[in-house]
Amino acid sequence: MKKSQSESEWTLEIKPVSGWFNFHLKDVWKYRDLLFMFVKRDFVSVYKQTILGPFWFFLQPILTTITFTIVFGNIAKIPTDGIPPILFYMSGIVCWGYFSDCLTRTSSTFITNANIFGKVYFPRLVSPLSNIISLLMKFGIQMILLIGFLIYFKMNGSDVNPNIYILLTPYLILLMAGLGLGFGIIVSSLTTKYRDFTFLVSFGVQLLMYATPVIYPLSALPEKYKWIVLANPMTSIVDTFRYAFLGAGTFNAGNLLYTSVFVVLILSIGIIVFNRVEKTFMDTV
């Protein structure tokens, strides 16, 4: 008797242990519907029971910019390369905010999703990727806010000069996402055994911001210390972003190339570590 099609299909496929460099990207693509469902969940759950809702996307950078302008601009008198302080600080905050959110959100992937991971199979990389994509919506809204302020200051005669390097914006976003994802999933893998990293991330991200030209321009640094800040891969991203939209600072292709290589390296290491840990993390979480 001939078997029906449903009876002849396999319901379980057992595969050998995958190699170090098997990133399972094909599996992630197969589960793209789940990925976008997670994106919707992440976006809605954060502001579902808040009074102001998505308005926090605007309020956070505005309040932070005002604080930086008062403290670092008016009190500390840190120069802003001739750019209005509001634009200078907001451009840095928008960039840094997306990177830091990607890092902190993905760094708790295994802990926050332990219940789901223990019940059903899907490519675990879908979870941190959903965080990266959902945070793009926040970044996009804050970019609209920045452009609004840019137009206002430009119309009032401020010396801001957007230029052709704005076309690099998608690439800069990709670098920030890759850097945040790479560091985040490495930390997430380590927190399955060592919960101390959870506290280290929130503290370390705050410190790292001061090693990035968010509140000061590179031109304000002494030459003997400038190499330390340039070693930070986020430096060239923030500096290029600011140069593209405001015309402040300089564009250095060599520094951006260094960041690009660093992102590929840290992301590859992160995915490798993540894939190895996901096989046994339920025994340690």
Check your understanding: How would you rank 56, 96, going from fewest to most other Cβ atoms within 10 Å of each one's own Cβ?
Key -> 56, 96
Exercise for review: Provide the per-residue ³J(HN,Hα) series for segment 157-162, in order, calculated from phi with Karplus coefficients 6.51, -1.76, 1.60 and θ = phi - 60°, each as a whole number of Hz, with x at glycine and proline positions.
Suggested key: x, 6, 7, 10, 9, x
Review point. Once label points are set 7 Å from the Cα along Cα→Cβ at both residue 252 and residue 223, what is their separation, rounded to one decimal in nm?
Key: 1.3 nm
**Study point:** Calculated FRET efficiency for the pair residue 152/residue 210, C-beta based, R₀ 30 Å, to 0.05
**Key:** 0.55
**Study point:** Three-way shape call for segment 31-283 based on the alpha-carbon gyration tensor, with the a/c threshold at 1.5
**Key:** prolate
Revision key, fill the gap. Surpassing 32 Å at the alpha-carbon level, of the pairs 40/154; 26/138; 154/224; 40/193; 77/224, are 40/154; 154/224
Review point. So for 175, 59, 246, fewest C-beta neighbours within 10 Å to most, what's the order?
Key: 59, 175, 246
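Taken together, the values in this text are just the output of simple stated rules run on the coordinates, not laboratory data. Keep in mind the model is a prediction, meaning the values are calculated, not measured. Note: ideal-geometry Cβ built from the backbone for every residue, glycine included; neighbour counts use all protein chains shown.
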